[in-house]
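Since the structure comes first, as structure tokens, the remarks are kept for the end.
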Amino acid sequence: MTGFRMLARTAPLLVLLALAVPASSVHPTTLSLNRVETAKSVDFEDGVVWVLVLGRDAEGDTDAIEMLAFDTASGAASGIGIPRDSWVRLPGGLARINEAWSKGGPDLAARAVGDLVGVDPDFVLVTGFEGFLAMTETVGEVEVRSPLAFETDQGRTVERGLNSFNGEQALDFASSRDNLPDDDFDRMANQQALLLGYLRSLRAREDETGFMEDVTLSALAGLETELAPTDLYRLAQAITQVDPAKVTGCLVGGTPFTTSGDAQVIRADEELARRLGRDADKDATLDPDCQG
């Protein structure tokens, strides 16, 4: 296998993870993929691999947070959405979980989310989004099953059920929150629906001549990673084995409250988060009722 063809096989990893949590606005492209030093040894041959995906906003905080689990043996995958306003303890005191990246980079973000879910991620991917449209336009239109009917922040009508989006429409769908009944929680559900839609699209077209190479050129623009090419390739191979029929997703709920400093935050359901983490850590599968 040529070097470029090997890199081409990493495209599903980079595109799927980068598209998993689109941020609320567009920024210069950055894909930063790091291995977490404190994580367990990764077994790509037989076991569950965890990737924490963070969508960074204009202020440098993580506007969207998703823990993805991949079972390299069965092809199952699951996603656990974390409310960005979850109130957690960080160095210096209590703060929103989405501030962990700006305060301590990938290791602190991994620790904060790992403490909540009860599972340490093996890798952390941080995305910026000027390249979002380039990647999605390369992939082409995607069919997404929306859990809700609503009007996006840009005035587009989304039907409950199957919708077809181009890149700009997909970004609008996944980042909108103003007209959603439960804004951030519903937005996390939309992001998971978009992820599954892109997974189906990539799997359907991955054998087309030149398709993966074209996607790779878009996905690799701006990539920064400390992973060796062999590890990057093995991680990508784990992703390409995912069966869309074996993908499940759940959201960590919580209770909104106001802090003594008048900050509007969320008291995340820590018990549920840990049950979901234990459930997915076994075989990257979550119960449909999302109770763990």
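The values are calculated or read from the model by the stated rules, or taken from the named source; none is laboratory data. Because the structure is predicted, anything quoted here is derived from the model rather than measured. All Cβ positions, glycine included, derive from the backbone under ideal geometry; neighbour counts span all protein chains shown.
Quick check on segment 75-86: of everything there that is closer than 18 Å to Pro288 by Cα and surrounded by fewer than 24 Cβ atoms within 10 Å (Cβ to Cβ), which residue is nearest to the chain's Cα centre (by Cα)?
In the first step, residues of segment 75-86 are kept if they are closer than 18 Å to Pro288 by Cα; the result is 75-82.
After this cut, where a residue has to be surrounded by fewer than 24 Cβ atoms within 10 Å (Cβ to Cβ) as well, the list is 75-76.
Details: Gly75: 17, Ala76: 16 Å.
Filtering first and then ranking leaves Ala76.
Filtering segment 156-171 down to residues that are aliphatic (A, V, I, L, M) and in contact with a Pro (Cβ under 9 Å, 6 or more places away or on another chain), which residue is surrounded by the fewest Cβ atoms within 10 Å (Cβ to Cβ)?
Start the filter on segment 156-171 by keeping residues that are aliphatic (A, V, I, L, M), which leaves 158, 162, 170-171.
Going one step further and asking which of them are in contact with a Pro (Cβ under 9 Å, 6 or more places away or on another chain), we end up with 170-171.
On the way: Ala170: 26, Leu171: 24.
Selected residue: Leu171.
Do any residues in segment 59-85 that are within 16 Å of Val117 (Cβ to Cβ) have Cβ atoms under 6 Å from those of residues that are basic (Lys, Arg) and in a loop (DSSP other than H, G, I, E, B), where the two are at least six apart or on different chains, and which pairs are they? Partner pairs satisfying both residue conditions: Ile65/Arg84. Selection of segment 87-117 for residues being crowded, with 24+ Cβ neighbours inside 10 Å and over 17 Å from the mean Cα position of the chain (by Cα) yields an empty set.
Table: residues versus (1) modelled with pLDDT under 85; (2) among the β-branched types (Val, Ile, Thr); (3) out of contact with any His (no Cβ under 8 Å at 6 or more places or on another chain).
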site: Ala219; (1), (2), (3): yes, no, yes
site: Leu227; (1), (2), (3): yes, no, yes
site: Ala238; (1), (2), (3): yes, no, yes
site: Lys246; (1), (2), (3): no, no, yes
site: Cys250; (1), (2), (3): no, no, yes
site: Thr255; (1), (2), (3): no, yes, yes
site: Ser260; (1), (2), (3): no, no, yes
site: Arg267; (1), (2), (3): no, no, yes
site: Asp287; (1), (2), (3): no, no, yes
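Would you check which residues across segment 72-118 are assigned to a strand (DSSP E or B) and either out of contact with any Leu (no Cβ under 8 Å at 6 or more places or on another chain) or hydroxyl-bearing (Ser, Thr, Tyr) (or both) and list them? Scanning segment 72-118 gives Ser78, Ser86, Arg89, Gly93, Leu94, Ala95, Arg96.
Residues to consider are Gly167, Gly114, Gly131; find the one that is in contact with an Asp or Glu (Cβ under 7 Å, 6 or more places away or on another chain) and modelled with pLDDT under 90. Before you say what the answer is, go through the steps one by one.
Working: Gly114 fails: modelled with pLDDT under 90; Gly131 fails: in contact with an Asp or Glu (Cβ under 7 Å, 6 or more places away or on another chain).
Going through Gly167, Gly114, Gly131 in turn, just one is in contact with an Asp or Glu (Cβ under 7 Å, 6 or more places away or on another chain) and modelled with pLDDT under 90: Gly167.
Can you confirm whether Leu13 is modelled with pLDDT under 75, not aromatic (Phe, Trp, Tyr) and not in a loop (DSSP other than H, G, I, E, B)? For Leu13, the condition - modelled with pLDDT under 75, not aromatic (Phe, Trp, Tyr) and not in a loop (DSSP other than H, G, I, E, B) - is met.
Scanning segment 271-282 turns up one or more residues that are out of contact with any Gly (no Cβ under 7 Å at 6 or more places or on another chain) and over 22 Å from Leu195 (Cβ atoms). Only one of the numbered conditions (1) touching an Asp or Glu at 6+ places or on another chain (Cβ under 7 Å); (2) assigned to a helix (DSSP H, G or I) is not met by Ile239, and that is (1).
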